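Comments concern the structure below.
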Amino acid sequence: MVWTAKGRAARRRNPDLAKVRVTKSGQNGVGSKGLIEESRLDSFNMPFYAPSAEEVRHIIEKEGSFNIHQLQTFHLSWVQNFDNDNKKGLELDKYAGGNQVADRSRAAVESLLVNHFGKAIMDDLFQRFSIKVTEHLEMEAGAYPNV
């Protein structure tokens, strides 16, 4: 059986610090423009935990139902069509990567955000997020650690 999940490097507590910074800057941009009340922004919490390979190994061995033959950590690019071996991306439109990340993030978390902030700001929020991701990707490649 092959199993994979979003994880983190053993020494890092946050699985995707760059993505969190991008997300927070997008949220704060909306908050600073007065589109979201600061108190609603401050009270929002989306708990997420990404285990390290060592934590996954410990839990599987402790539970005892499975044997581990191989356990590894690898990275998946934020952007599709990324060549992880050569660290090169395909030539894409300048904003395609940011839009792609924002669209996938929206599919995953929009219902949680709508529940807390309301539907009216979602288009603006994810447009700002797309711009922030594009800015980040222009400086460095984004990748999700996986176990």
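Residue pairs whose Cβ atoms lie under 8 Å apart, sitting 6 or more positions apart in sequence or on different chains, and linking a residue in the range 45-58 that is closer than 15 Å to Ser111 by Cβ to a partner that is part of a helix (DSSP H, G or I), are Met46/Val109; Met46/Leu112.
Mind listing whichever residues of the range 127-147 are surrounded by fewer than 20 Cβ atoms within 10 Å (Cβ to Cβ) and not β-branched (Val, Ile, Thr)? Correct list: Gln127, Glu135, Glu138, Met139, Glu140, Ala141, Ala143, Tyr144, Pro145, Asn146.
Every number in this text was worked out from the coordinates using simple rules, so none of it is lab data. Fair warning: this is a prediction, and the values are worked out from it, not measured in the lab. Ideal geometry is used to build each Cβ from the backbone, glycine not excepted, and the neighbour counts take in all protein chains shown.
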